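To start, the structure under review is shown below, and the notes come after it.
The values are calculated or read from the model by the stated rules, or taken from the named source; none is laboratory data. Only a predicted model underlies this, so the values are computations on that prediction, with no experimental measurement involved. No Cβ is skipped: glycine too gets one built from the backbone with ideal geometry, and neighbour counts run over all protein chains shown. Surface accessibility is based on the protein's heavy atoms, side chains included, excluding ligands, DNA and RNA. Shrake-Rupley method; radii C 1.70, N 1.55, O 1.52, S 1.80 Å.
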Amino acid sequence: MAPSLPPDLSRLLGDGWAARRIAEVDWLATSLGDPGGWPPALRHALALILRSRFPMYLVWGPDRTSFHNDAYLPHLGQKPIAIGQRAEEVWPEVWPVVGPMVERAAAGESIWSDNL
């Protein structure tokens with residue numbers, strides 16, 4: 001069973017569908033580990049996207065773990081729940097194009113695409 005989120009993180013993330021899903025994932029089975037040890041940058045990025053009404057998707061860490069907010073759900077279509085999954089497993093059909101962009105961004109490069 002997944003450990004529950006620390007109270008401070010639960011308050012930060014709010015109570016939407018995606019926040020509840022984050023609380024259900026067995027994070028110990030991922031490279032991110034115990035949410036109690038997540039870095040402040042991840043916590044704050046999650047608070048930002050989860051409280052936004054604009055569709056947002058976040059990829060974090062060496063395994064490119066996926067997070068998204070409630071507004072992003074329609075963008076997933078028939079895909080399985082993405083939270084806690086590796087981005088390349090969620091988006092295999094576009095990963096050959098998007099993957100190198102993600103890697104460049106992770107290396108600190110600012111990226112942009114017109115009409116992607």
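The table below gives the values:
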| quantity | calculated |
| --- | --- |
| Residue-normalised accessible area of the chain, expressed per residue, 1.4 Å probe, Å² | 60 |
| From the coordinates shown, percent of Cα pairs over 24 Å apart corresponds to which of [x] 35; [y] 24; [z] 29 | [y] |
| Accessible surface of region 2-41 [probe 1.4 Å, protein heavy atoms]: carbon and sulfur percent | 55 |
| Pair SER113, LEU28: separation of 7 Å Cα→Cβ label points (nm) | 3.8 |
| Crossing angle, helix 40-50 versus the chain [Cα axis fit, 0-90 degrees, rounded to tens] | 80 |
| Under-5 Å amide H pairs with LEU58, H placed in peptide plane, nonlocal only | PHE67, HIS68 |
